[in-house]
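Visitor: My questions will all concern the structure given below.
The values are calculated or read from the model by the stated rules, or taken from the named source; none is laboratory data. Nothing here was measured: the structure is a model prediction, and the numbers come from that model. All Cβ positions, glycine included, derive from the backbone under ideal geometry; neighbour counts span all protein chains shown. Surface areas here come from the heavy atoms of the whole protein model, side chains and all, with no ligands, DNA or RNA. Shrake-Rupley method; radii C 1.70, N 1.55, O 1.52, S 1.80 Å.
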Amino acid sequence: AQSVSQHNHHVILSEAASLELGCNYSYGGTVNLFWYVQYPGQHLQLLLKYFSGDPLVKGIKGFEAEFIKSKFSFNLRKPSVQWSDTAEYFCAGRFGNEKLTFGTGTRLTIIP
Amino acid sequence: EADIYQTPRYLVIGTGKKITLECSQTMGHDKMYWYQQDPGMELHLIHYSYGVNSTEKGDLSSESTVSRIRTEHFPLTLESARPSHTSQYLCASSEGPQYFGPGTRLLVL
């Protein structure tokens, strides 16, 4: 069955540190991949998406993610985090149908 | 910013009551979804619809029901609420990426 895995449950970083959140999926066919962010008290927002083409996709607020098909990965990166990046981050995949499968989420805490 | 709305935002209700969580979107999307999310946990799909008069159960079994009489409206109903239904319920719609509403936090006493 298709699945999305986020192995980092809680990440704590200082401001200006670089960020990489892991996301792996299991599916052998064509995938669409997404990163969503949920700031405290707010609703889920789309950060970025990959459908096809350039495997390096850029999203809002300086985030980017790289689709590596050979590793079944879609890791989220940001070169220098800010306190305002404190949030819950969800990786999600769409595997041959219209439904999204979500990972368990990674809580990111940025220390000023 | 996606135009998808959910009401109420917060609901505290007693066991056995019937409740309806409202979800509406003004984008004309055919596809709509309901997810259940416990605090700090992943989202689980409980219902989805690909258009008017189309509803399907999702990956997580739920005692709730949904209807899709109009494109813009996708309400979720619990006939008899129980404490185990306490959770956050998120509605989404899509024509491509999914856009989420603000959610309804339900507490059943």
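Visitor: Of everything in the range B:19-74, what is in contact with a Lys or Arg (Cβ under 9 Å, 6 or more places away or on another chain), closer than 25 Å to A:Phe90 by Cα and either crowded, with 20+ Cβ neighbours inside 10 Å or more than 11 Å from every other protein chain (Cβ to nearest Cβ) (or both)? Give them in sequence order.
Guide: Within the range B:19-74, B:Ser24, B:Met32, B:Tyr33, B:Leu45, B:Ile46, B:His47, B:Tyr48, B:Ser49, B:Phe74 meet the criteria.
Visitor: When you scan the range A:8-55, how many residues do you find that are of a type outside the set (A, V, I, L, M, F, W, C), touching a Cys at 6+ places or on another chain (Cβ under 9 Å) and closer than 13 Å to A:Ser73 by Cβ?
Guide: Qualifying residue count for the region: 3.
Visitor: For the range B:75-87, how many residues are open to solvent by 10 Å² or more (accessible area, probe 1.4 Å) and in contact (Cβ under 8 Å) with a residue 60 or more places away in the chain?
Guide: Residues in the range B:75-87 being open to solvent by 10 Å² or more (accessible area, probe 1.4 Å) and in contact (Cβ under 8 Å) with a residue 60 or more places away in the chain: 4 in total.
Visitor: Also, quick follow-up: Right, B:Leu90: buried (at least 18 other Cβ atoms within 10 Å of the Cβ), aliphatic (A, V, I, L, M), out of contact with any helix residue (DSSP H, G or I) (no Cβ under 7 Å at 6 or more places or on another chain) and assigned to a strand (DSSP E or B) or not?
Guide: yes
Visitor: Is the range A:62-75 home to any residue that is surrounded by fewer than 14 Cβ atoms within 10 Å (Cβ to Cβ), in contact with a Ser or Thr (Cβ under 7 Å, 6 or more places away or on another chain) and over 27 Å from B:Ser93 (Cβ atoms)?
Guide: Scanning the range A:62-75 turns up no residue that is surrounded by fewer than 14 Cβ atoms within 10 Å (Cβ to Cβ), in contact with a Ser or Thr (Cβ under 7 Å, 6 or more places away or on another chain) and over 27 Å from B:Ser93 (Cβ atoms).
Visitor: Another question about this same structure. Can you confirm whether the range A:83-98 contains a residue that is farther than 17 Å from B:Tyr35 by Cβ, charged (D, E, K, R) and open to solvent by 40 Å² or more (accessible area, probe 1.4 Å)?
Guide: no
Visitor: Out of all the residues in the range B:84-103, which are of a type in the set (Gly, Ala, Ser) and more than 10 Å from chain A (Cβ to nearest Cβ)?
Guide: B:Ser84, B:Ser87, B:Ser93
Visitor: Same structure, new question: Considering only residues that are within 14 Å of B:Cys91 (Cα to Cα) and among the charged types (D, E, K, R), which ones fall in the range B:58-81?
Guide: Passing the criteria: B:Arg68, B:Glu72.
Results for (1) within 12 Å of chain B (Cβ to nearest Cβ); (2) at pLDDT 95 or above; (3) more than 26 Å from B:Asp38 (Cα to Cα); (4) not in a helix (DSSP H, G or I), shown as yes or no for each residue.
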site: A:Gly41; (1), (2), (3), (4): yes, no, no, yes
site: A:Ser52; (1), (2), (3), (4): no, no, yes, yes
site: A:Phe74; (1), (2), (3), (4): no, yes, no, yes
site: A:Thr101; (1), (2), (3), (4): yes, no, no, yes
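Visitor: Output the residues belonging to the range A:43-61 that are open to solvent by 60 Å² or more (accessible area, probe 1.4 Å) and either touching a strand residue (DSSP E or B) at 6+ places or on another chain (Cβ under 7 Å) or basic (Lys, Arg) (or both).
Guide: Across the range A:43-61, the qualifying residues are A:Lys49, A:Phe51, A:Leu56, A:Lys58, A:Ile60, A:Lys61.
Visitor: Which of the residues belonging to the range B:93-105 are open to solvent by 20 Å² or more (accessible area, probe 1.4 Å) and within 12 Å of B:Leu11 (Cβ to Cβ)?
Guide: Matches in the range B:93-105: B:Arg105 only.
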